[in-house]
Amino acid sequence: MATKVQPLSTKPTILNRNLILLSIASTIVASCTIFFSSTEEEGRIYIGDIIEPLSAASALCISLIVVYRQKLDGLFGRAYISLAVGLGLWLIAEVLWSFFEFGSDHETPSLLLADSFWLAGYSAFIYFGFSMYTFFGKRPSKRNIIIISIPCALFLAYTIQLNMSEFEFSTQEDILLFSLSNVYTVLDLILIILAALLIISPGKKGQLTSIPWIFIAFLIIAIGDSGLGYTQSTEILYTHILYICGYIVMAAGLFWHNQFFVFDEKRVLKRWQGENR
Amino acid sequence: MSNNSLKQTFRCLSILDKLGYFSVASNVDKILYKSISDSLEQIGKSFSKALIHNMCSLHGLSEYELFTNYDLFEKTLNNTVGEGAATRILNKIKKELLSHAILNGSSLTTRDIINPELTISDILKNTSDKEVLRFVTDIPTHEHILFLYRNESSKDELLSAFFDQAKTANAPTCLLSAKPRDGLVSNNILYDELFEEFSSGADRAELSIKLYDWLSKSCLPNGSRKKTTTRIAEEDATCWLKKGLSNELIMLEQKTSKYIDGNLTILCGFNISKLTDEEINTMMDTIISSHGYVIIDEPLRIYAAEPDKIEVQKIKGKIQEE
């Protein structure tokens with residue numbers, strides 16, 4: 001573009017504020033829907049099992065729009081297709097989990113098909129996280145690495161110790177469940193470390209990158225997931241709310257990326273024509 | 001670099017602007033533009049287009065303004081995407097720029113290239129300086145060039161380029177300097193000798209005409225004036241002002257510009273850090289307008305006169321006597 005355009009320095013600030021407000025409002029609405037939709041615990045869990053896949057689906061839809069418009073070339077093309085694949089796998093996992101939870105008469109089976117989709121989704125998210133961290137993040141200081149890795153290491157040790165006391169290891173299923181629990185913890189911690197290092201990364205943040213939306217979403221989801229194995233059944237609702245909040249924030253981040261980092265030639269041309277009439 | 005010499009440079013730049021001199025387009029701008037656009041495309045076409053559009057929109061700049069001014073681009077990039085991403089992008093640009101600079105004859109050595117402290121500004125300065133020195137080496141005949149400098153090493157570099165052995169082999173070269181520089185040129189005249197020879201008992205009004213005649217005869221081998229390309233340079237014309245010969249200097253510059261011989265190229269050096277405000281105000285307009293090209297150092301940049309604004313017309317051929 002050779003022509004000058006008018007300054008739009010306030011647009012990111014306004015959009016940031018609007019997205020924050022919308023995300024908070026959506027999370028509150030979703031939480032209220034879950035808590036007040038039914039007096040029974042089971043009913044609330046079922047409502048949560050509907051809202052959670054819907055929020056995952058909304059994030060997936062926006063990610064597909066981003067991939068369609070952005071195409072697949074370059075670092076960002078590859079990273080965002082990976083994110084879309086991750087969201088797709090997790091949506092399938094969410095739907096399967098919801099189906100098994102209230103679609104069948106049996107108790108939730110120990111080893112579900114959903115777990116394989118969740119685990120596959122983690123790999124896609126971790127690829128996205130590393131790609132974006134290496135691009136946007138600065139080399140972490142030793143202080144930041146220590147602040148983040150020590151609590152994570154302690155949490156991992158605590159989790160393994162807790163799991164060892166919970167499982168009897170008398171059957172193969174027990175061993176598999178034990179391994180699976182720890183794998184989830186490790187993968188969640190990887191996402192938490194990536195997200196935390198980027199959020200507290202030193203250096204000035206840019207006008208268009210002041211809020212790392214998608215990394216905040218990773219943090220929320222990973223924290224919710226980390227707590228899932230240790231919550232009583234009555235507290236599972238809170239993890240549902242964290243997942244829903246995470247998907248909403250991810251959708252906000254994807255919307256932000258679509259707004260500022262995907263080039264819309266037609267919109268720009270139309271605006272230029274409007275200004276130069 | 002002192003504040004005073006910087007101030008003198010800005011004043012000279014204002015005079016150049018007032019007289020209608022324009023900055024000669026540099027390849028460095030094109031190299032920088034290409035390096036930035038190629039680097040951004042590697043990240044993703046859509047992302048790069050969106051980033052450029054947003055940087056231009058958020059800061060009210062055109063793409064050309066943004067890409068050809070590296071300091072502005074760096075600042076805008078930091079403000080838009082933050083330091084982390086800006087560092088990544090600038091590292092890519094540095095790699096692209098290095099490859100372009102080397103292809104364009106940059107003098108960067110392997111040690112420079114692998115030195116992590118080498119910045120993009122250093123690469124641009126090196127490439128730009130090389131381009132100016134190449135211009136000076138290859139400058140055609142019948143040109144009268146002014147070199148305004150603050151740094152002695154810039155002057156030495158430029159004089160070496162002007163008297164480049166490959167270009168001036170077997171051709172007469174003449175330098176008017178403060179100290180002996182016999183290794184550089186075939187005829188070296190010192191200011192002290194010149195002023196001693198012409199000032200004693202000479203009519204000062206005739207000094208510049210006699211000097212021009214003397215220089216052209218001394219620097220050209222007999223009988224071969226029209227066949228060889230002669231390069232004559234003056235190291236620091238402010239020496240004239242120290243001797244109270246400012247009017248003579250102005251007359252000399254004007255006559256040189258008017259009567260420059262077809263096979264002569266003349267370079268006049270001025271150490272502007274030695275000029276006073278009064279000297280700049282009273283003289284520099286006339287001095288500058290007598291030259292077709294003006295070169296300023298730090299960074300080396302070339303300014304050319306618009307053809308219809310040169311105050312004196314060049315007349316090729318014989319020297320006319322008044």
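The values are calculated or read from the model by the stated rules, or taken from the named source; none is laboratory data. Predicted model, so just to flag it, every value in this text is computed and none were measured. All Cβ positions, glycine included, derive from the backbone under ideal geometry; neighbour counts span all protein chains shown.
Things to note:
- Residue within segment B:233-241 that is at pLDDT 85 or above, in a strand (DSSP E or B) and in contact with a Ser or Thr (Cβ under 9 Å, 6 or more places away or on another chain) present: yes
- Checking B:Lys95, B:Lys45 one by one, the residue that is facing another protein chain (nearest Cβ under 7 Å) and basic (Lys, Arg) is B:Lys45 and no other.
- If you filter segment B:60-80 down to residues that are at the interface with chain A (Cβ under 7 Å from one of its Cβ atoms) and part of a helix (DSSP H, G or I), you find that the one that is surrounded by the most Cβ atoms within 10 Å (Cβ to Cβ) is B:Thr80.
- Answer from B:Ser57, B:Ser107 - the residue that is within 10 Å of chain A (Cβ to nearest Cβ) and either at pLDDT below 90 or out of contact with any Cys (no Cβ under 9 Å at 6 or more places or on another chain) (or both): B:Ser57
- Just so you know, in segment A:197-206 the residues that are more than 12 Å from B:Ala86 (Cα to Cα) and part of a loop (DSSP other than H, G, I, E, B) include one that is farthest from the other protein chains (Cβ to nearest Cβ), and it is A:Ile200.
- Entry remark, segment B:153-190: residues being touching a strand residue (DSSP E or B) at 6+ places or on another chain (Cβ under 8 Å) and either among the basic types (Lys, Arg) or not in a loop (DSSP other than H, G, I, E, B) (or both) number 16 in total.
- For B:Ser37, the criteria (1) surrounded by fewer than 22 Cβ atoms within 10 Å (Cβ to Cβ); (2) at the interface with chain A (Cβ under 7 Å from one of its Cβ atoms); (3) over 30 Å from B:Val294 (Cβ atoms) hold in every case but one, which is (2).
- Identity of the residue in segment A:251-274, among the aliphatic types (A, V, I, L, M) and within 28 Å of A:Ser55 (Cβ to Cβ), that ends up nearest to the other protein chains (Cβ to nearest Cβ): A:Val262
- Qualifying residue in segment A:123-137 (condition: farther than 23 Å from A:Leu197 by Cβ and either of a type outside the set (A, V, I, L, M, F, W, C) or surrounded by fewer than 21 Cβ atoms within 10 Å (Cβ to Cβ) (or both)): no
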